[in-house]
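Beneath this line is the structure, given in structure tokens, with notes to follow.
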Amino acid sequence: REHLTDLATSHGVPGLALRAMERAPGWRNLPDAIRESLSASLRQLRQQAAVWDLERDRLLSLLARRGLYPILLKGAALRDFAYDEPAERWMGDLDLLFHPDELDAALETLYAAGYHSPYAPEAMAIYRAHHFHFHLEHPRGFIVEVHWGLQRPRASYSIESEGFRSGSAEREGPQGRMLRVPSSEDMVLHLIGQSHDDAFDRLVRLADLDRVITRSSSFDWDHLGSAAREAGLRTALAVSLRLTQLLLGTPIPAGIVESLQVRLPTRLHLALLRPVSFLLDQRARKRVVAAAAFRFWATDGRRRLGRVRNMLKERPDPLSSVWDDVPREPALLKFAAFQGLIYLEALQAALAAHGVEKVRFWRGSPVAPSPDA
């Protein structure tokens, strides 16, 4: 039970896992003590979700009085429009996207609502110049991230905030409140960027992707493919869609992954990295160089040159003065050694019986989705 809870939490899917168990045919066959313990955990997640809903609505009302109508991002949007109930999508903070011109008014409103920044004014200035959101905290434990962008300025992809905002729309939430959320296609594009940053190592991103796609009645695949190419996320989109197919049985239309035209050398290297095993293996996910390899090969075309330059000569990160754990690229020599190890493992697999199956990724049948999934 503890291992299940820890594993689900590390992948960001505790509520989804508990809800799946609660609906499973064998739920009533579990020992009473275990079933009650799991039920108590689910009740706690539901209570947390309800409290977050109240806080979200309070803040949106205060912001609306100032004429501010931010876009809900990530879990804040997904939990109401992509999942059966908010508790299925764990949310640790409220992500709100504002126009850059609205930042000062938004911060004033949130400060008046009891939020504060844990950073000094000098650090806030560094954030504004070199980051894409502010981190605010409330004494009661709530966290709000005030976004004006969708990725770090030095990221290897670029999702334009203006187009993202123009494609958003107001939708009615479960309690009848109108919430401003991205289009389904933009929501997926943002999720792909998050997956790329995380090196495709958490099931929650795949669950989000699956829910958005399966809940959208008229998903525009052509628009998504075009937006992914423009943003530099074409390869990352292909990897994410394939992972979602293989692990969750998500109904991706035939030819969509192929239409992204990921080149053969890139597809080969990504397959050799064994994305499914990497995502599920706790030890592999902790290897910095392995995560860097996934991000490198999932980066589109010439954008990889920036990662190579970072490996050759480390550039000082302006956020290092306010962050203790600024993500860094491994040294080029270490990266090359890891790639050599991957090639050696691939050679051994090719010589072993059924070894090629271990590195098969782009071909083969996905899992069949359960009617209750």
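Val262 meets the conditions (1) more than 20 Å from the chain's Cα centre (by Cα); (2) open to solvent by 20 Å² or more (accessible area, probe 1.4 Å); (3) not small (Gly, Ala, Ser) in every case but one. The failed one is (2).
For (1) touching a strand residue (DSSP E or B) at 6+ places or on another chain (Cβ under 8 Å); (2) under 30 Å from Leu54 (Cβ atoms); (3) of a type outside the set (A, V, I, L, M), each residue gets a yes or a no:
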residue	(1), (2), (3)
Arg171	yes, yes, yes
Val181	yes, yes, no
Leu203	no, yes, no
Trp221	no, no, yes
Leu224	no, no, no
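Of the helices (runs of 4 or more DSSP H) that lie entirely inside the range 1-112, those containing 1 or more residues that are of a type in the set (D, E, K, R), farther than 27 Å from Arg128 by Cβ and open to solvent by 40 Å² or more (accessible area, probe 1.4 Å) span 2-10, 14-23, 32-65.
Among the residues making up the range 121-135, those that are open to solvent by 50 Å² or more (accessible area, probe 1.4 Å) and either out of contact with any Leu (no Cβ under 9 Å at 6 or more places or on another chain) or under 14 Å from Ser320 (Cβ atoms) (or both) are Pro121, Glu122, Ala125, Ala129, His130. Of all residues in the range 17-37, those being within 27 Å of Asp208 (Cβ to Cβ) and in contact with a Leu (Cβ under 8 Å, 6 or more places away or on another chain) number 5. From the list Arg285, Arg302, Arg267, the lone residue that is modelled with pLDDT under 90 and in contact with a Phe, Trp or Tyr (Cβ under 8 Å, 6 or more places away or on another chain) is Arg285. Considering each residue of the range 115-134, count those that are farther than 20 Å from Glu102 by Cβ and small (Gly, Ala, Ser), and give that number. Adding up the residues that qualify gives 2.
Residue count for the range 296-314 satisfying the condition of being in a helix (DSSP H, G or I) and open to solvent by 50 Å² or more (accessible area, probe 1.4 Å): 5.
Entry remark, the range 212-228: residues being in a helix (DSSP H, G or I) and free of Cβ contacts under 8 Å to residues at least 40 places away in the same chain number 9 in total.
The values are calculated or read from the model by the stated rules, or taken from the named source; none is laboratory data. This structure is a prediction, so every number in the text was calculated from the model and none was measured. Backbone-built Cβ (ideal geometry, glycine too); neighbour counts: all protein chains shown. Surface accessibility is based on the protein's heavy atoms, side chains included, excluding ligands, DNA and RNA. Shrake-Rupley method; radii C 1.70, N 1.55, O 1.52, S 1.80 Å.
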